[in-house]
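> Sharing a structure below in structure tokens format, with a few things to ask.
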Amino acid sequence: MRLRRSLTAAVGLAAATTLALAGCAAEEPAGSADASPKPTTGAEGGATDEFPITIEHAFGETVIEAEPERVATWGWGSTEAAVAVGVYPVAVGEQSWTVGEGNLLPWVEEAYDAESVEHPAVLSDTPAGVEVPYEEFVDVAPDLIVAPYSGLTQEQYDLLSEIAPVVAYPEASWQTDWDEIITITADALGRSDAGEQIVTDIEQYLADEATAHPEFEGKTFAAMVDSPSEGLVYVYNSADPRAGFLEGLGLEIAPAVDELAPDDGEFFYTLSYEELDKLDSDVIVNYTYTEEESAELPSRKPLQVLRAVKEGNLVQQVGPVAVSAVSPPTALSVTWPEGMPALVESLADTLGQ
């Protein structure tokens, strides 16, 4: 079988950057790839668009001949987008860093349980999308693989395409806007109207929060992850969908964020502590992974060169699940209480002083 030979040739395939992807979690599930859940759709009914459907993306175009019945998702956000339009994937990528191996993100688990849908199979994703578990994809026999916000390479895309049609990201890996993740997924499933409505609802949520918090308007921000063990911070530039979502609240990404970014096409970059004084902004949003780190962060000496920190304008999103809920928000996590609502409240408490 050609696929098996191709997979053998691809053993050891890897390409690096894992820490930055930690703040950009992947989908979560409960079950095993051997479980082969039954195809499921939500109570909203079937597709509303006419098939075949063609989706253009960075690797060309994918033709979806008929409404898919066994959808697999890979990367971040497409699981939630599919569920939000009434399609429950039979397999999703693992997010062991966030909630542990074999577990669903809480908003995903809640959605499956609310409809009494069998939990999806877990596709191993320990290296944060660097490697693809091809054999596990084969085991769940999908008829469509949706990965609009992922790190797929050309070779990975080609190999997965031997298993099922694959919908990849439109331009660059890990840089698809939050709304495009939703609309691309919905379009691939033949539910474009539902996808557009979800985007409209989220945009209205952001607009309402912006109206409720005029103190956000025009304030500049830098979103980052502090890494004291490395003596540097990871900064998310304007290519990252986290920035776009915060801008929806009326905030503006600080000019320094992109001025300091190297021209390498990545959605993040690192800045050493020696260079931190160049990262000027009105507020810092730091994605913090433990309560211990959170308690220490405001008084950490290297960060005192940041104007926002000196002025007390440091906002933290704390804990793997809470960070994942906003990194970036998804069709299901945007209103998760510990996600955007908590972040908006923290921003309001800080900027409303």
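> Kindly provide the set of residues from the stretch 109-129 that are closer than 12 Å to residue 93 by Cα and of a type in the set (A, V, I, L, M), ordered by number.
Residues of the stretch 109-129 that are closer than 12 Å to residue 93 by Cα, as a first pass: 120-129.
Listed by number, the residues that qualify are 121, 122, 123, 128.
> Of the numbered conditions (1) closer than 25 Å to residue 121 by Cα; (2) under 16 Å from the mean Cα position of the chain (by Cα); (3) hydroxyl-bearing (Ser, Thr, Tyr), residue 238 fails exactly one; give the number of that condition.
The one condition residue 238 does not meet is (1).
> Further, regarding this structure: Show the residue pairs that are 6+ apart or on different chains and have beta-carbon atoms under 6 Å apart, the first residue being within the stretch 239-267 and at negative phi and modelled with pLDDT of 95 or more, the second being among the hydrophobic types (A, V, I, L, M, F, W, C) and in a loop (DSSP other than H, G, I, E, B).
Pairs found: 256/279.
> Do you know which residues across the stretch 310-353 are in a loop (DSSP other than H, G, I, E, B) and small (Gly, Ala, Ser)?
Here is the first cut: in the stretch 310-353, the ones in a loop (DSSP other than H, G, I, E, B) are 311-313, 319, 325-339, 352-353.
The answer is 312, 319, 325, 327, 331, 333, 339, 352.
> Can you report the number of residues in the stretch 101-125 which are at pLDDT 95 or above and polar (S, T, N, Q)?
Counting residues in the stretch 101-125 that are at pLDDT 95 or above and polar (S, T, N, Q) gives 1.
> Looking only at the stretch 228-241, decide whether some residue is part of a helix (DSSP H, G or I) and among the aromatic types (Phe, Trp, Tyr).
Start the filter on the stretch 228-241 by keeping residues that are part of a helix (DSSP H, G or I), which leaves 241.
Pick out the ones that are also among the aromatic types (Phe, Trp, Tyr) and you get none.
Scanning the stretch 228-241, I find no residue that is part of a helix (DSSP H, G or I) and among the aromatic types (Phe, Trp, Tyr), so the answer is no.
> Does residue 217 count as modelled with pLDDT of 95 or more, over 18 Å from residue 342 (Cβ atoms) and surrounded by fewer than 21 Cβ atoms within 10 Å (Cβ to Cβ)? Show your work before the answer.
Numbers: modelled with pLDDT of 95 or more: yes; over 18 Å from residue 342 (Cβ atoms): yes; surrounded by fewer than 21 Cβ atoms within 10 Å (Cβ to Cβ): yes.
When the stated conditions are applied, residue 217 passes them.
> Can you list the helices (runs of 4 or more DSSP H) lying wholly within the stretch 96-175 that have 3 or more residues being within 21 Å of residue 57 (Cα to Cα)?
On the way: elements: 96-99, 106-114, 134-140, 154-161.
Fully inside the stretch 96-175 and qualifying: 154-161.
> Can you go through 18, 98 and tell me which one is out of contact with any Leu (no Cβ under 7 Å at 6 or more places or on another chain), at pLDDT below 95 and closer than 23 Å to residue 156 by Cβ? I'd like the intermediate steps shown before the answer.
Details: 98 fails: out of contact with any Leu (no Cβ under 7 Å at 6 or more places or on another chain).
Within the list 18, 98, the selection yields 18.
The values are calculated or read from the model by the stated rules, or taken from the named source; none is laboratory data. Given the structure is predicted, the values throughout are model-derived calculations rather than measurements. So basically every Cβ, Gly included, is an ideal-geometry build from the backbone, and we count neighbours across all protein chains shown.
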